[in-house]
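The values are calculated or read from the model by the stated rules, or taken from the named source; none is laboratory data. None of these values were measured; they are calculated from a predicted model. FYI the Cβ positions are ideal-geometry reconstructions off the backbone, even for glycines, and counts take in every protein chain you see. Side chains are part of the model used for accessible areas, which takes the heavy atoms of the whole protein and leaves out ligands, DNA and RNA. Shrake-Rupley method; radii C 1.70, N 1.55, O 1.52, S 1.80 Å.
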Amino acid sequence: MPNERLAEVHAKNMLSAHLGYEEGPDGPAEGPCASPISEVRGLDSVRVGKFYPRGSIVFIEGQPPRGIYVLCEGRAKVSISSAQGKTLVLRIAQPGDLLGINSTLTGQPYGATVATLVRSRIEFIAREDLLRLLDRDKKACLGLAQALSNKLIGVVDHTRMLFLSNSASEKLARLLVKWCDENGKRTSQGIRINPGLTHEEMAQMICSSRETVTRLFADLKRKRIVSFGDNAIFIRNRKALELAARC
């Protein structure tokens with residue numbers, strides 16, 4: 001890796017540590033936090049819970065793994081970037097997700113950047129503490145294995161959407177259907193979804209451009225498949241959306 005690139009990664013690592021853990025949180029946070037490792041014996045003595053304001057960097061791609069972050073409340077964007085500055089949003093983390101678990105277990109640098117989309121409560125467990133607890137409580141490894149399996153399923157689904165869809169419109173429709181299934185709430189206006197993402201960030205999820213996503217949403221609105229309001233997207237005609245997604 002060129003020296004300039006190493007310097008850039010180091011600077012980003014320092015920025016991540018500064019924003020994501022020390023200065024980003026705005027206060028301590030305690031309370032139940034359901035996750036695949038919540039039943040690990042001794043966890044309460046090593047976990048640290050804090051609130052992160054919207055837009056906080058939790059950790060950044062390339063940073064050495066300090067430990068895992070458990071998303072207790074809120075949502076976070078998980079993304080990767082190229083050396084040319086292109087960004088791909090891999091997924092939107094939900095409460096209960098383990099962030100940075102692969103790197104924490106393997107000792108490899110974090111493979112993605114995580115930033116909060118809303119004010120979020122996140123627990124941190126240092127790598128050394130987690131490995132020590134897992135070594136003592138073998139049953140807890142099953143929960144981690146299931147979490148990693150679910151994560152792999154999500155990666156496969158996202159890859160299928162990116163590479164097996166024929167057009168940007170099909171990719172966007174698939175993404176909206178996925179959000180309906182995961183977090184959609186039925187209302188009198190349709191199925192309400194709150195991705196909390198800009199058109200630019202949605203474009204980063206489907207390898208497209210902001211202009212294309214804006215145009216596609218305008219077309220879906222014209223066809224009365226979706227509507228907008230109250231910082232939400234309402235799916236008014238799911239069958240038509242599934243047809244566009246070719247589900």
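Can you tell me which condition L176 does not meet? The list is (1) surrounded by fewer than 19 Cβ atoms within 10 Å (Cβ to Cβ); (2) part of a helix (DSSP H, G or I), and all the others hold.
Failing condition for L176: (1).
Is at least one residue of region 8-29 in contact with a Cys (Cβ under 8 Å, 6 or more places away or on another chain), modelled with pLDDT under 80 and in a loop (DSSP other than H, G, I, E, B)?
Yes.
Hey, among R66, R41, R47, R54, which residue is open to solvent by 40 Å² or more (accessible area, probe 1.4 Å) and closer than 24 Å to E182 by Cα?
Testing whether each residue is open to solvent by 40 Å² or more (accessible area, probe 1.4 Å) and closer than 24 Å to E182 by Cα leaves just R54.
Every residue in region 66-87 that is β-branched (V, I, T) and under 19 Å from E123 (Cβ atoms), please.
I68, V70, V78 - these are the residues of region 66-87 that are β-branched (V, I, T) and under 19 Å from E123 (Cβ atoms).
Mind checking whether some residue in region 111-126 is touching a helix residue (DSSP H, G or I) at 6+ places or on another chain (Cβ under 7 Å), in contact (Cβ under 8 Å) with a residue 60 or more places away in the chain and among the basic types (K, R)?
No, because not a single residue in region 111-126 is touching a helix residue (DSSP H, G or I) at 6+ places or on another chain (Cβ under 7 Å), in contact (Cβ under 8 Å) with a residue 60 or more places away in the chain and among the basic types (K, R).
If you check V58 against the conditions, is it assigned to a strand (DSSP E or B) and modelled with pLDDT under 95?
Against the criterion (assigned to a strand (DSSP E or B) and modelled with pLDDT under 95), V58 does not qualify.
Determine, yes or no, whether S82 is over 21 Å from P195 (Cα atoms), without any contact (Cβ under 8 Å) to a residue 40 or more places away in the chain and in contact with a Leu (Cβ under 9 Å, 6 or more places away or on another chain).
Criteria met by S82.
Looking at region 69-94, which of its residues are open to solvent by less than 40 Å² (accessible area, probe 1.4 Å), closer than 28 Å to R210 by Cβ, in a strand (DSSP E or B) and of a type outside the set (S, T, Y)?
Result: L71, A76, K77, V78, L88, V89, I92, A93.
Out of region 35-55, which residues are modelled with pLDDT of 85 or more, over 14 Å from A76 (Cβ atoms) and among the hydrophobic types (A, V, I, L, M, F, W, C)?
Answer for region 35-55, where residues must be modelled with pLDDT of 85 or more, over 14 Å from A76 (Cβ atoms) and among the hydrophobic types (A, V, I, L, M, F, W, C): L43, V46, V48.
If you go through region 95-113 one residue at a time, do you hit one that is modelled with pLDDT under 95, touching a His at 6+ places or on another chain (Cβ under 9 Å) and surrounded by 17 or more Cβ atoms within 10 Å (Cβ to Cβ)?
No: region 95-113 contains no residue that is modelled with pLDDT under 95, touching a His at 6+ places or on another chain (Cβ under 9 Å) and surrounded by 17 or more Cβ atoms within 10 Å (Cβ to Cβ).
Identify, please: which residue in region 189-247 is among the β-branched types (V, I, T) and part of a helix (DSSP H, G or I) and is, among those, surrounded by the most Cβ atoms within 10 Å (Cβ to Cβ)?
V213
Taking the stated definitions as given, is K86 at pLDDT 90 or above, at negative phi and of a type outside the set (D, E)?
The answer is no for K86.
Does E170 fit the bill of being charged (D, E, K, R), in contact with a helix residue (DSSP H, G or I) (Cβ under 9 Å, 6 or more places away or on another chain) and over 23 Å from A76 (Cβ atoms)?
Spelling it out, E170 is indeed charged (D, E, K, R), in contact with a helix residue (DSSP H, G or I) (Cβ under 9 Å, 6 or more places away or on another chain) and over 23 Å from A76 (Cβ atoms).
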